[in-house]
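Chemist: Handing you a structure now.
The values are calculated or read from the model by the stated rules, or taken from the named source; none is laboratory data. These numbers were taken from a predicted model, which means no experiment stands behind them. Here the Cβ is made from the backbone with ideal geometry for all residues, glycine too, and neighbour counts use every protein chain on show.
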Amino acid sequence: MNEDMKKELITWGVNWDDVKDRFMGNEDLVERFMIKFLKDKSFSDLTYGMEKKDAKEAFAGCHSLKGVTGNLALDAMKEDVLELTEILRKGSLEGAEERYQRIKKSYDDLIEILKKYKV
């Protein structure tokens, strides 16, 4: 595991103890799955739904992102993703844009970190 990447991820808001436990202490495996997150489509699916003002489409992407967020212990955006998932689950967009923008900021910051370490 690249120690600089690990430090940046922890600073960003990855719950390192949690994600390391999920991957049975294998930090190289954690690194591989973090890099794989660059190809994950859940955020783009969420964005597509939000742009269309389609709560159902946005929910599908957000719900998927919720799972990835939990599995990779992406705590920096976890609460916003959980809250947005529940708003969209009800078929509503009320309050969704504000949470989406907070998720987008966290997501963009994380992607910037991960791109530096992609091989």
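Chemist: Cβ-Cβ below 6 Å, separation at least six or inter-chain, first residue in the range 1-19 and modelled with pLDDT of 95 or more, second small (Gly, Ala, Ser) and surrounded by 14 or more Cβ atoms within 10 Å (Cβ to Cβ): which pairs?
Modeler: TRP12/ALA76; GLY13/ALA76; VAL14/ALA73; ASN15/ALA73; ASP18/ALA73; VAL19/ALA73
Chemist: When the range 63-116 is examined, which residues are found to be outside any helix (DSSP H, G or I) and under 16 Å from TYR48 (Cβ atoms)?
Modeler: Answer for the range 63-116, where residues must be outside any helix (DSSP H, G or I) and under 16 Å from TYR48 (Cβ atoms): just LEU93.
Chemist: When you look at LYS41, is it touching a helix residue (DSSP H, G or I) at 6+ places or on another chain (Cβ under 9 Å), over 15 Å from TRP12 (Cα atoms), basic (Lys, Arg) and at pLDDT below 95, yes or no?
Modeler: Judged against the criteria, LYS41 is not a match.
Chemist: Please name all residue pairs, on different chains or six or more residues apart, with Cβ atoms under 6 Å, provided the first residue is in the range 47-62 and is more than 20 Å from LEU74 (Cβ to Cβ) and the second residue is buried (at least 18 other Cβ atoms within 10 Å of the Cβ).
Modeler: ALA55/LEU88; GLU57/GLY49
Chemist: Moving on. Kindly establish whether THR47 is of a type outside the set (A, V, I, L, M, F, W, C), at pLDDT 95 or above, closer than 17 Å to TYR107 by Cα and in contact with a Lys or Arg (Cβ under 8 Å, 6 or more places away or on another chain). Step through it out loud before you land on a result.
Modeler: On the way: of a type outside the set (A, V, I, L, M, F, W, C): yes; at pLDDT 95 or above: yes; closer than 17 Å to TYR107 by Cα: yes; in contact with a Lys or Arg (Cβ under 8 Å, 6 or more places away or on another chain): yes.
Yes.
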